[in-house]
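First comes the structure, then the notes that go with it.
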Amino acid sequence: MSGIVTPASDKKGETLPLVVAPRKPKDSTLIVWTLGFLLILGIGAMVTFFIISIDSDDDDSDERTGELRDLIDDLDGSDSDSTPPVSETVGIAASAASGINSVWEPYITLLLRIDFEAVRKDIRLLLTDSQEFWPADYGTYAPFFIHWAWHCSATYRVTDGRGGCEGGRVRFEPERSFGENANKDRAIYLLQPIKDKYGRGLSWGDLIILTANTAYEELGAPVLGYCAGRIDQIDTYHPTILTDRGQIPLTDQPGVLPLLDPQFLGNICTDAEGVNGTANPVNTSSDVRITFTVKGFNDEETVALVGGGHAFGKAHGACVDGGGDPPNINPANPWKGKCGTGIGEDEYNSGFEGPWTTHPTRWDNEYFQNLINFEWISEEGQGGRTQWGVSSNINNALGPRAVKPFPDLPLNKDDTQPIMMLTTDISFITDSGFKIWVEKFAHDMHAFNDTWSKVWFKVTTQDVGYNRCLPTTNLNFFLPPPQPFQHPLPPPPEDIADLFEVQALINKTLYRLDEQIGWKPLLVTFAYNCAQTWRNTDHSGGCNGARIRFSPGKDWNSNAGVVDEGQTLLAPIKVQFDDSLTWADLIVQAGTLIISNADPDQSNPKIPFCPGRADDTDGDDWEYLEPLVDGDFEDDLIGLKDYWLRSGLNFREMVALVGRMRSPDQQRAMGYAGSWANDTWANEGHHNNQYFQVLTSEVWEEFTVIRTGKKQFKAKGKDLFMLKTDILLLDDDEFDNPESLKSIVADFAFDNYLFLETFASAWRKIMNADRVNGPTSNSCADAVGAGFGGEDKSTGA
């Protein structure tokens with residue numbers, strides 16, 4: 001009998017941890033005992049290696065765990081009589097059972113064990129436990145943690161889904177050295193004991209947001225709910241811009257930044273001193289609006305979110321000397337303040353100085369009342385930057401004042417300081433679109449509470465994606481119902497149509513049609529264009545919902561000649577099954593079936609189909625999902641790679657998908673002259689590596705389509721056409737790099753079966769990527785394959 005128990009499954013289907021079964025050792029020779037001792041040393045060495053080689057913050061993937069289990073099973077099978085004594089197995093068993101930093105178990109298993117109410121209790125104790133190395137303003141760390149969570153979350157941008165607090169990337173460069181994050185690294189030291197106590201099951205992303213939520217609650221704010229299940233990363237997203245333009249500060253181009261520019265990476269907020277530090281609130285309001293629009297917020301949400309943050313705490317600018325070097329310049333001793341001790345009353349963060357309200361630890365709408373009830377005048381603050389004070393507060397005259405963070409007792413006038421505003425705050429009352437909400441919230445606390453609670457949940461959750469939050473039923477507050485920003489889908493049909501009956505009707509209806517109308521490549525394009533909107537960066541898009549049927553998706557140039565034509569072909573099948581068959585399932589199943597049935601004389605890998613999609617009633621979720629590279633002559637290699645990174649697929653898989661069937665008529669509808677194959681061959685719907693052979697064997701010349709003026713490439717002496725994105729594959733020819741795009745093209749041109757296998761894997765991934773179900777799982781895991789759940793492992797995240 002083996003000394004290692006076979007992995008079992010619990011009621012939820014989770015693989016239970018391997019535990020060495022203790023038993024009484026058999027009488028044996030010295031040789032057997034020696035072998036047993038060496039074996040347990042070997043296992044211990046391997047476990048130690050795994051523990052050292054993975055960061056405690058990194059999510060433990062199922063694949064890594066499986067490899068470790070297989071290795072241990074192999075070792076165990078080599079000598080079944082070498083089970084170690086009971087005393088040597090207790091430590092291993094206890095470690096696996098504890099679930100804390102255990103290499104045996106995946107992240108999701110550890111997450112399910114977290115008692116979030118216990119975590120909140122520890123957080124509440126921390127909030128008022130002021131530490132000497134970083135004293136708490138006003139006796140509480142609540143404002144400090146609230147502002148840190150806002151800065152962690154507010155890097156998110158709707159344009160490409162990057163940023164946000166999932167991953168806990170605020171701990172890494174470049175975010176930790178952003179000027180807005182000065183001294184925020186102290187929060188890591190304060191929270192580290194709690195992180196260590198609960199281990200990998202409590203990610204940094206979850207802990208940062210839960211700490212802020214708890215802080216808000218302790219100060220009286222109405223928190224809507226909490227989403228658990230953020231997965232930490234061991235490094236950051238792209239540290240540099242993927243274009244040669246470099247970083248474009250919002251303040252350098254007020255009001256003209258393209259909202260759909262996917263390459264833009266700016267700071268968290270607009271310059272609080274105004275456009276180019278001019279302290280002009282009139283000009284600043286456009287920058288504020290652009291900044292928050294890129295993050296996904298309208299005017300109402302913007303005003304509520306800022307007001308909810310500025311209800312608490314203060315800005316820090318103790319002197320004009322500054323806060324010291326950031327971590328990317330002085331990693332050993334970052335943010336060493338140059339104002340006295342650099343802590344407490346000497347703290348320097350932004351360079352502005354003072355609170356926004358007279359009660360900096362109380363939840364109310366005073367921030368808005370102060371904006372409209374006082375006359376505000378620009379002044380130079382204690383930290384040397386231009387800020388705004390109430391006119392009666394100028395020259396230290398009496399006016400609205402707050403107690404200082406560290407007052408002497410008994411209190412006197414010197415223990416208070418005047419309230420202040422930033423230029424960005426004042427812009428709210430100089431812009432009519434913002435001012436209407438300032439006035440509403442100043443007079444209607446209920447309206448402020450309602451808007452703020454929803455927008456705070458939005459800013460801290462929109463990067464997580466729909467249907468990935470773990471229900472937190474052991475909390476005092478629960479995961480709220482799906483919110484509009486999550487674009488929830490209706491439930492799928494209760495009685496889903498039999499997929500074999502649907503397949504039979506697809507065959508009966510479509511395969512009797514004339515191939516030369518091009519229905520095969522058209523329906524493959526329909527399915528691909530529907531699914532390719534998936535963004536792994538924020539887990540949005542995809543074909544679930546069939547939003548391609550609505551604007552804006554159906555109006556994109558890449559979908560010209562696809563949507564109406566595809567629906568017309570599939571309509572008889574949809575009518576036959578009525579509500580039991582959704583458009584989303586039908587689009588994907590038809591495209592998948594056509595590819596699987598193509599070229600029956602070759603060994604075509606079958607691609608499994610996973611039903612259960614729903615149909616949405618609008619296309620709002622696709623507002624920022626238009627493909628940014630669709631063959632236009634302005635496309636470039638950097639933009640192509642950047643766009644592909646968001647899919648969660650690797651470059652080899654994406655190159656394979658480029659070789660899919662391509663409809664000549666659809667290419668013409670987009671304004672081009674045709675496809676890479678002649679119409680007869682293309683319309684027959686072949687699926688092999690012919691595309692790559694044509695791409696590498698022809699001489700391609702620039703060509704302008706006379707009827708549209710569009711540019712593409714034409715094979716010399718032949719009526720074969722390629723798009724700019726096709727030719728870009730040949731431009732990536734890094735020397736001796738087997739994963740350069742040109743090398744991948746060459747591999748597929750040489751080996752048809754390699755192409756077919758890679759394509760089948762990529763197709764099932766992209767078709768099912770949007771079927772996420774929880775933080776790390778996918779409802780179609782069997783069809784998708786291992787390693788493609790909810791975990792975000794792309795370097796583009």
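Projected label points at Glu757 and Lys718, each 7 Å from Cα along the beta carbon direction, are separated by 2.8 nanometres.
Summing Lys and Arg as +1 and Asp and Glu as -1 over all other residues whose Cβ lies under 11 Å from the Cβ of Ala279 gives a net charge of -3.
May I ask which of Lys520/Lys606; Lys404/Lys435; Lys641/Lys765 have a Cα-Cα span longer than 25 Å here?
Lys404/Lys435
Over all distinct Cα-Cα pairs of the range 632-736, the Kirkwood formula returns a hydrodynamic radius of 14.5 Å. Here the range 331-395 is treated with +1 on each Lys and Arg Cβ and -1 on each Asp and Glu Cβ, and its dipole about the Cα centre works out to around 240 debye. Taking a label point 7 Å from the Cα of Asp555 along the Cα→Cβ vector, which residues of the range 517-532 have an amide N closer than 19 Å to it? In the range 517-532, the label zone of Asp555 (backbone N under 19 Å from the point 7 Å along Cα→Cβ) covers 530.
Using a probe of 1.4 Å, the accessible surface attributed to Trp763 totals some 0 Å² when neighbouring protein chains are kept in position. Entry note, the range 717-786: relative contact order of 16 percent, from Cα contacts under 8 Å with a spacing of 6+ residues.
The overall shape of the range 608-660, judged from the alpha-carbon gyration tensor, is oblate: a/c is not under 1.5, and a/b is no greater than b/c.
Spacing of the modelled spin labels on Asp115 and Asp679, each 7 Å from Cα toward Cβ, amounts to 7.3 nm. The accessible area of Lys336, taken with all protein chains in place and a 1.4 Å probe, comes to roughly 130 Å².
Residues Asp642, Asp599, Asp618, ordered by accessible area of protein heavy atoms at a 1.4 angstrom probe radius and largest first, appear as Asp618, Asp599, Asp642. The listed residues Tyr753, Tyr466 rank as Tyr753, Tyr466 when sorted by accessible area, largest first, using a 1.4 Å probe. These residues, Phe145, Phe485, go from largest to smallest accessible area, 1.4 Å probe, as Phe485, Phe145.
Note: relative contact order over the range 356-474, using C-alpha pairs below 8 Å and six or more positions apart, is 25 percent. For the pair Ser603 and Thr278, the difference between a 0.36 nm per residue extended length and the Cα-Cα distance amounts to 110.2 nm.
With contacts taken as Cα pairs under 8 Å at a separation of at least 6 residues, the range 533-613 carries a relative contact order of 24 percent. If a spin label sat at a point 7 angstrom from the Cα of Ser432 along the line to its beta carbon, the backbone N atoms of the range 278-321 nearer than 17 Å would be those of 282-283, 285-286, 299-300.
Go ahead and run the numbers for FRET between Thr617 and Ile234, Cβ-Cβ distance against an R0 of 35 Å, rounding to 0.05.
Taking R0 as 35 Å, the efficiency between Thr617 and Ile234 is 0.30.
For the range 575-715, the Cβ-based charge dipole about the Cα centre amounts to some 640 debye (Lys, Arg positive; Asp, Glu negative; other atoms uncharged).
Suppose R0 equals 45 Å. What FRET efficiency, 1/(1 + (r/R0)^6) with r the Cβ-Cβ distance, do Phe133 and Ile517 give to the nearest 0.05? Rounded to the nearest 0.05, the efficiency is 0.05. Multiplying the residue separation of Ile377 and Ala571 by 0.36 nm and removing their Cα-Cα distance gives an extension gain of 63.3 nm. Accessible area per residue was computed with a 1.4 Å probe on protein heavy atoms; Leu754 scores about 60 Å².
The values are calculated or read from the model by the stated rules, or taken from the named source; none is laboratory data. Quantities reported herein were computed from a predicted structural model and do not represent experimental measurements. Ideal geometry is used to build each Cβ from the backbone, glycine not excepted, and the neighbour counts take in all protein chains shown. For the accessible areas, the whole protein counts, side chains as well, though only heavy atoms, and no ligand, DNA or RNA atoms are used. Shrake-Rupley method; radii C 1.70, N 1.55, O 1.52, S 1.80 Å.
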